1. Hey, any hits in region 47-66 for a residue that's among the charged types (D, E, K, R), more than 30 Å from V201 (Cα to Cα) and within 15 Å of the ligand (Cβ to nearest atom)?
2. Evaluate the following for A99: is it closer than 23 Å to L34 by Cβ, within 11 Å of the ligand (Cβ to nearest atom) and crowded, with 19+ Cβ neighbours inside 10 Å?
3. For region 115-125, state whether one or more residues are within 12 Å of the ligand (Cβ to nearest atom) and at pLDDT below 95.
4. Could you grab me the full set of residues in region 126-146 that are modelled with pLDDT under 95 and among the aliphatic types (A, V, I, L, M)?
5. Of all residues in region 147-187, which are outside any helix (DSSP H, G or I) and in contact with an Asp or Glu (Cβ under 9 Å, 6 or more places away or on another chain)?
6. Return yes when D149 is closer than 25 Å to V105 by Cα and exposed (fewer than 15 other Cβ atoms within 10 Å of the Cβ) and no when it is not.
7. R24 fails exactly one of the following numbered conditions: (1) farther than 23 Å from A89 by Cβ; (2) of a type in the set (K, R); (3) in contact with a Ser or Thr (Cβ under 9 Å, 6 or more places away or on another chain). What is the number of that condition?
8. Can you confirm whether region 155-173 contains a residue that is basic (K, R), crowded, with 16+ Cβ neighbours inside 10 Å and more than 23 Å from V104 (Cβ to Cβ)?
Amino acid sequence: MASAPLIVTLDGPAGVGKSTLARRLAGELGIAFLDTGAMFRAAAYTLGEGAWDWTQGILQQKLGDFEFSLRGSGADTELLLNGKPLPEAIRSEEAGRWASQLAVVPSVRAYMKMAQIFLGQTTPLVAEGRDMGTVVFPGASNKFFLDADPDERARRRCRQLEAQGKPADFAAIAASIRQRDDQDRNRSIAPLKPAPDAVVVDTTALSEDEVLEKVLASVRGS
Ligand code: DC
């Protein structure tokens, strides 16, 4: 019997560095990475503000027109929606808050879970998000939960924006991170929490290289 594709799960709160780590880890392992936050952001951005108040039936119907796919592998992996790359605008703080609100809706979670499982059945993946190890890929052999102090996460986000030449308001970013933490950790379906068999990595005092080294050693040693 053919074995299932390798799945490495990375879960953790907003701004902890999951996307950067997922991209680098996928490069080291020579497999694709799946940014599931981008799936929720793309849905929230495409459907627009307030979509979380629509009926389950309407949301199901609208999501029926969405098809996510992956192209390439390693650091060059691209996530496509209906064959097109996702717009840069999904990366705004506002799109992140909309995504977090849309992510509490049962029909949206059910659709995303189905789409993510489908991708994982066909492609070896580093899958990053909030519920990869707990709900979507509970059978994954390598699970990690990254955490860091909220102020440190806000500082990292500010540094990232400044490096892109964009304005960074520390107080507003810290407040937005706390609001999303609260929403993501306390929702009733698929709340953010480590899987019982996840390796928990507190990255507050670690560099990106140190986190990558730790996770890579654990995957290679398993
Ligand atoms: O990882 P991110 O900041 O891009 O995610 C945006 C929002 O999407 C996040 O606040 C909650 C939601 N999300 C989720 O509920 N489950 C996932 N697996 C990934 C993201």
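The values are calculated or read from the model by the stated rules, or taken from the named source; none is laboratory data. Keep in mind that this is a model prediction, so the values were computed, not measured. Using ideal geometry, Cβ is built from the backbone for each residue, glycine included, and neighbour counts are taken over all protein chains shown.
1. Residues of region 47-66 among the charged types (D, E, K, R): 49, 53, 62, 65.
Going one step further and asking which of them are more than 30 Å from V201 (Cα to Cα), we end up with 49, 53, 62, 65.
Subset that is within 15 Å of the ligand (Cβ to nearest atom): 49.
The answer is yes; a qualifying residue exists.
2. Numbers: closer than 23 Å to L34 by Cβ: yes; within 11 Å of the ligand (Cβ to nearest atom): yes; crowded, with 19+ Cβ neighbours inside 10 Å: yes.
For A99, the condition - closer than 23 Å to L34 by Cβ, within 11 Å of the ligand (Cβ to nearest atom) and crowded, with 19+ Cβ neighbours inside 10 Å - is met.
3. The answer is no, given that none of the residues of region 115-125 is within 12 Å of the ligand (Cβ to nearest atom) and at pLDDT below 95.
4. Filtering region 126-146 down to residues modelled with pLDDT under 95 leaves 141.
None; the set is empty.
5. Of the residues in region 147-187, the ones outside any helix (DSSP H, G or I) are 147-149, 164-169, 187.
Of everything in region 147-187, those that are outside any helix (DSSP H, G or I) and in contact with an Asp or Glu (Cβ under 9 Å, 6 or more places away or on another chain) turn out to be D147, A148, D149, A168.
6. Values: closer than 25 Å to V105 by Cα: no; exposed (fewer than 15 other Cβ atoms within 10 Å of the Cβ): yes.
Judged against the criteria, D149 is not a match.
7. Going through (1) farther than 23 Å from A89 by Cβ; (2) of a type in the set (K, R); (3) in contact with a Ser or Thr (Cβ under 9 Å, 6 or more places away or on another chain) one by one, R24 breaks only (3).
8. The answer is yes, given that some residue of region 155-173 is basic (K, R), crowded, with 16+ Cβ neighbours inside 10 Å and more than 23 Å from V104 (Cβ to Cβ).
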